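The values are calculated or read from the model by the stated rules, or taken from the named source; none is laboratory data. All of these numbers come straight from a predicted model, not from anything done at the bench. With ideal geometry, Cβ positions are generated from the backbone for all residues, glycine too; neighbour counts draw on all protein chains shown. Accessible surface is based on the protein model in full, side chains and every heavy atom, while ligands, DNA and RNA are left aside. Shrake-Rupley method; radii C 1.70, N 1.55, O 1.52, S 1.80 Å.
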Amino acid sequence: MIKRIHWHWTAGAPGINPHESDSYNFVLQWPHGEVVACVPVERQIPPLINGAYAAHTLNANSNAIGISMDCMALAQERPFDKGKYPVTEEQLNALVKLTAQLNKKYNLPVTRETNLSHAEVQQTLKIKQRNKWDITWLPGMDKPGKAIEVGDHIRAMVKALM
């Protein structure tokens, strides 16, 4: 049973490489946000089989869909540099649309616990991560913001669409 959707960015350049396609259930291509289905969602339902599921979030992949925007290659959090391939408005809109579709399909409410970015996982779910800052920056921001605030912005977009 699917319980959560985790949002990511690949920290990669355009073009989905084998590691990215093995790590996420869906990848949204740069710059227009075309949806590419990767690891089938049903593989996130336990028992997880090594090498068969999308290992998108450390110790938090069971019952969780991983959606990643293919972007942010060479980006730096501090000092901030969005890199050559930053998140685009089109990718953000595709993320919101796909999240809304998956929420409807799996009957998920839009909450901080069910729709969240990788950067929110440690704080919200209390599952230690490795200093992930995806997604703390979106188009129109001067620098990265607080993970929960950025997540709340994306969740508000999802709610408005639903």
Checking the cross-link filter: which lysines have an alpha carbon closer than 16 Å to that of LYS143, excluding same-chain neighbours under 8 positions apart? LYS82, LYS84, LYS132
Pull up all non-local amide H partners of MET69: gap of 5 or more, or a different chain, and H-to-H distance under 5 Å with H placed in the peptide plane. HIS8, TRP9, THR10, LEU28
Counting Lys and Arg as +1 and Asp and Glu as -1 over every other residue whose Cβ sits under 15 Å from the Cβ of GLN129, the net charge comes to +2
What percentage of the solvent-accessible surface of the chain, computed with a 1.4 Å probe over protein heavy atoms, is contributed by carbon and sulfur atoms? 52
Does the chain classify as rounded, prolate or oblate by the C-alpha gyration tensor (a ≥ b ≥ c root eigenvalues; a/c under 1.5 gives rounded; else a/b over b/c gives prolate, otherwise oblate)? rounded
Return the FRET efficiency for the residue pair GLU149, ASN59: r is the Cβ-Cβ distance, R0 is 25 Å, and the value is rounded to the nearest 0.05. 0.55
Within the set of other residues whose C-beta is less than 14 Å from the C-beta of VAL35, count the net charge using Lys and Arg as +1 and Asp and Glu as -1. -2
For ALA13 and PHE80, what is the calculated FRET efficiency with R₀ set at 22 Å and r taken between the beta-carbons, to the nearest 0.05? 0.70
Under a 5 Å amide H to amide H cut-off, with H placed in plane at 1.01 Å, what residues pair with ASP134 once short-range neighbours are removed? ALA119
For the pair MET141 and LYS3, what calculated FRET efficiency results from E = 1/(1 + (r/R0)^6), where r is the Cβ-Cβ distance and R0 = 41 Å, to the nearest 0.05? 0.90
About the Cα centre of the chain, what is the dipole size in debye to 20, counting +1 per Lys and Arg Cβ and -1 per Asp and Glu Cβ, all else neutral? 500
Of LYS3/LYS128; LYS105/LYS126; LYS126/LYS146; LYS3/LYS159, which ones are farther than 22 Å apart at the Cα? LYS105/LYS126
Looking at the chain, send over the antiparallel percent of its DSSP beta bridges, to the nearest 5. 25
The set of residues whose placed amide H lies less than 5 Å from the amide H of ASP81, leaving out same-chain residues fewer than 5 positions away, is GLN76
